[in-house]
Amino acid sequence: MKAAVMHGAKDIRTETVPDPVCAPHGVIIKVNACGVCGSDLHYYRHDGHDGTIFGHEFSGDIVEVGAAVKDITTGTRCTAVGFSPCGKCYWCREGKMHRCSDMALLGYHFPGAMAEYVHVPFAAPGRSIFPLPEKLTYEDAASVEPLSISYFSVNRSQPKESEIVAVIGLGVIGLYAIQVLKATGVKQILASGRRPSRLAAAKTCGADIVIDAARENAAKIIMEASGNLGVNTVFECAGTQITFDQCVAVARGGGKIMLVGVYEEPLAWQPLSAISKNLTLIGCLGGNFPAAIELLKQGRVKTQDMISHRFSLDEAAEAFRTQDADPTAIKVMIKP
Ligand SMILES: [Zn+2]
Ligand SMILES: [Zn+2]
């Protein structure tokens with residue numbers, strides 16, 4: 001089959017690789033759509049493993065089912081969480097493989113979905129394989145993974161309708177967080193980012209005030225908009241020193257900072273700034289596929305304005321270049 005294979009920093013080539021073989025507990029999915037993720041770009045920029053096939057935000061049709069798999073049939077349209085349980089940890093020994101504490105991840109530790117076919121080695125309906133309601137398109141389904149991360153973070157903050165919240169960092173996770181917050185119902189959503197295309201998208205997603213952090217003083221505007229009280233909750237979706245400092249500055253006394261963005265560098269900070277305001281810092285790492293699918297099914301979250309570019313599998317190198325460097329890129333999809 002054809003697959004997009006990494007050969008070094010910024011070197012992705014579409015080439016022929018062996019077809020995947022279905023394990024007894026696995027399924028093989030014919031890929032229809034696969035998103036390029038910010039996490040992929042990290043390895044793409046800094047030279048990941050030679051031979052890596054990325055792709056963990058995907059959808060397609062099940063074409064082969066392992067002998068030991070129950071309740072999954074070929075022809076099912078689905079999205080999936082790709083992981084391979086270690087088989088040794090506490091959770092694996094309890095039979096709860098989906099909670100494995102040492103799982104290998106599809107698209108990083110073993111081949112992902114930027115290919116014609118992808119093998120999901122551990123297939124269980126509702127745990128790793130999620131059949132699609134008729135209403136969801138393949139592109140919706142390939143957006144479930146990032147949306148599920150946004151949902152998880154918003155849900156973890158337990159927003160109330162009376163609250164003012166800010167989302168700092170307008171990558172796809174931040175943009176979907178705005179949509180989820182809007183769907184949940186909060187009083188006011190402020191959004192701060194840098195790229196014009198994403199500032200426009202933030203407005204479409206439902207932000208009430210959009211701040212161009214490249215030109216404006218985000219912290220000052222957020223403080224003014226909240227009557228100088230600060231916001232109840234701030235979502236840190238960028239993962240930089242500057243945005244972290246902004247979050248601490250604009251969080252209201254007793255407020256929450258949701259740490260969502262991945263930091264490539266350690267932070268320098270004065271914990272007293274959080275102590276003196278009684279802030280709660282909450283780390284967010286997790287997803288919720290069923291909740292994300294439900295939001296899409298109900299039409300309360302929409303993916304189409306998030307998908308800025310589409311490329312064929314043969315154009316995978318261009319897809320990565322676009323996601324990495326094109327200022328108009330929001331989410332780039334590869335369509336094998
Ligand atoms: Zn991702
Ligand atoms: Zn395990």
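Too long at a 22 Å Cα-Cα cut-off: which of K70/K331; K10/K335; K203/K335; K182/K297; K70/K302; K96/K135?
On the way: K70/K331 34 Å; K10/K335 20 Å; K203/K335 27 Å; K182/K297 16 Å; K70/K302 32 Å; K96/K135 31 Å.
Among K70/K331; K10/K335; K203/K335; K182/K297; K70/K302; K96/K135, the Cα-Cα distance tops 22 Å for K70/K331; K203/K335; K70/K302; K96/K135.
Can you pull the semi-axes for region 196-336, root of five times each eigenvalue of the Cα gyration tensor, sorted largest first, whole Å? Could you put the intermediate results ahead of the total?
Details: eigenvalues 194, 64, 56 Å².
They are 31, 18, 17 Å, listed from largest to smallest.
With springs connecting C-alpha atoms under 10 Å apart, model the chain as a Gaussian network and identify which of D71, D102, D19 has the largest mean-square fluctuation.
D71
Tell me, Kirkwood radius of the chain from alpha-carbon pair distances, in Å?
20.6
Rank A104, A166, A325 by mean-square fluctuation in a GNM of the chain with C-alpha springs under 10 angstrom and give only the top-ranked residue.
Between A104, A166, A325, it is A325 that shows the largest mean-square fluctuation.
Ranked highest first by the average count of other Cβ atoms within 10 Å around their residues, in what order do 154-163, 106-115, 226-235 fall?
Output ranking for 154-163, 106-115, 226-235: 106-115, 226-235, 154-163.
Any read-out appearing in this document is the output of simple, stated calculations on the displayed coordinates, not a laboratory observation. Being a predicted model, the structure only gives us computed values, none of them experimental. Every residue, glycine among them, receives a Cβ derived from its backbone with ideal geometry; neighbour counts consider all protein chains shown.
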